[in-house]
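The structure appears below as structure tokens.
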Amino acid sequence: MAVHPTTTHYDPPTPPPASAPALSARRRWTILAVCCLSMFLVGLDTTIVNVGLPTIGADLSAGTRELQWIVDAYTLVLASLLISSGALADRFGRRRVFQLGLTLFGAASLACALAPSAGALTVARAVQGMGASMLSPVALAIVVNAMPDRTERARAIGVWASVFGLSMATGPLVGGALLTGPGWRSLFWINAPVIVIALVLSAVFVPESRSPRPRRLDLPGQVLLIAAIGLWVGVLIEGPRIGWSSPLALAGYACAVTVTAAFGWTEVRRRDPLMEPGLFRSLQFSGAALGAVAVFVALNVTLLLNTLYLQQARGWTPLAAGASVLPLAAGATVCAPLSGWLVGRFGARPPLLLAGGFLTVGGLCLVGLDPHTSVPLLLTAYLLIGTGVGFANAPLTNTAVSGLPPAQAGVAGAITSTARQFGAALGIALAGALVTGVAPAALAHATRPGWLLTAACGLLLLLVANAPPKKNT
């Protein structure tokens, strides 16, 4: 259920030297189209799966906890491997890693379509996340490398940004239609022709490129990051089943804290760490990373609770439930480019204030949710939340990198992208914990803390927007 933002960054590639043969305009924009196709595929797959969760659960006899793992297996792996996948691409070739990501994603999609059980589907989704981690940052690096002209590159990234909203809007509708017809397995079969097209086009049109100064791989940091994220989210998902104060849960908390501390200790001592600890000494950067987590907690809480509430508590069809997300997608799509313009004209604070305000009001609209809440109120709340998400990404990215040396900007962007995906996984875990084991008749009432959480995420953004800037030392 993680929604994959178009502001996925890592150390940006150096444009080709002047002596390198220039690509024609047609080829440059064909490269952009191929890379956007991969981004669209990742986003489409995410939102398609969202609307299919109740159907998947019924067919595979999976409860809310199992459905959470089906979603978060993808998100956890994606969040954990984003930075390392970018480093691998810089070292071994961006096109090569991009094609490997497409192949992994395609093979995992077929495994998902054939999965005989919830456990098998969860494993296949984790492999999908591995493939997706090689698509989002690497594809953007390919685009930047192919377009050395700043103006053209800005236009290309603007097109790239619009793909997020388009995939988000299309996924629920396509998913609802497929669920009404062929069934949930077609949600994954549909990826096959897109993967084949992207592989062929990338082989023909995308040039190979590497970084002249690739980052070293931090294997200890990578292993510890996977373990830390997995433990924190795992404890939240399994908490309702094992008991929040049971010995097993307490052991889980202790392990999560220990591994997180070990990750921080390791990173401080690494010559080329996966995450640069010094960045977190900046109040601006830390606030932006926390804000990125908050935005995607709010978004994914909304998506999961909306899917379960409409289909299980109100008996809506998957197609109708998918259509209900359109206002949210429209708000995100329209406001994302507007937010970028506001950042360029007035700085990060105004759009970040708008993002926090819209998220807060949208969440508060649904704190009294019941089985008969009016449809106009639901759609209005979703529109407000989507508008808040749309306004949030550009100022958070700008806040994260502003005031940093250029050499650290890419790393800062990569960390905020990881924060977004961690927020997505955390949102799924928290929302699922609220409704695990809840009967359909009581589902609306059980979701109310989730809407308060969404509003609280908006308030946190308001605090980030009003935090005084602090220069790095």
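The values are calculated or read from the model by the stated rules, or taken from the named source; none is laboratory data. Given the structure is predicted, the values throughout are model-derived calculations rather than measurements. No Cβ is skipped: glycine too gets one built from the backbone with ideal geometry, and neighbour counts run over all protein chains shown. Side chains are part of the model used for accessible areas, which takes the heavy atoms of the whole protein and leaves out ligands, DNA and RNA. Shrake-Rupley method; radii C 1.70, N 1.55, O 1.52, S 1.80 Å.
Odds and ends about this structure:
- Test: residue in the stretch 294-306 that is farther than 17 Å from ALA424 by Cβ and buried (at least 24 other Cβ atoms within 10 Å of the Cβ): no
- Options VAL42, VAL51, VAL34, VAL127; residue that is farther than 15 Å from ILE195 by Cβ and of a type in the set (Val, Ile, Thr): VAL51
- Residues located in the stretch 179-190, provided they are modelled with pLDDT of 85 or more and either of a type in the set (Lys, Arg) or open to solvent by 30 Å² or more (accessible area, probe 1.4 Å) (or both): ARG185, TRP189, ILE190
- The stretch 319-364 - residue that is in contact (Cβ under 8 Å) with a residue 60 or more places away in the chain and in a loop (DSSP other than H, G, I, E, B) and, of those, surrounded by the fewest Cβ atoms within 10 Å (Cβ to Cβ): ALA348
- Some residue of the stretch 191-207 being more than 20 Å from VAL138 (Cα to Cα) and either open to solvent by less than 50 Å² (accessible area, probe 1.4 Å) or β-branched (Val, Ile, Thr) (or both): yes
- Among the residues of the stretch 417-443, just one is out of contact with any Gly (no Cβ under 7 Å at 6 or more places or on another chain), under 14 Å from GLY63 (Cβ atoms), assigned to a helix (DSSP H, G or I) and among the small types (Gly, Ala, Ser), namely GLY432.
- Filtered residues of the stretch 245-259 (kept if over 10 Å from LEU231 (Cβ atoms) and among the polar types (S, T, N, Q)): SER245, SER246
Yes/no matrix, rows are residues, columns are (1) in a loop (DSSP other than H, G, I, E, B); (2) of a type outside the set (Asp, Glu); (3) in contact (Cβ under 8 Å) with a residue 24 or more places away in the chain; (4) under 21 Å from LEU78 (Cα atoms):
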residue	(1), (2), (3), (4)
LEU231	no, yes, yes, yes
GLU238	no, no, yes, yes
SER245	yes, yes, no, no
LEU248	no, yes, no, no
ALA256	no, yes, yes, yes
THR266	no, yes, yes, no
LEU279	no, yes, yes, no
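- From the list GLY432, GLY388, the lone residue that is open to solvent by less than 10 Å² (accessible area, probe 1.4 Å) and at pLDDT 90 or above is GLY388.
- Cβ-Cβ under 9 Å pairs, at least 6 apart or on other chains, the stretch 182-195 side closer than 12 Å to ALA111 by Cβ, far side in a loop (DSSP other than H, G, I, E, B): ARG185/ALA115; PHE188/ALA115; TRP189/PRO182
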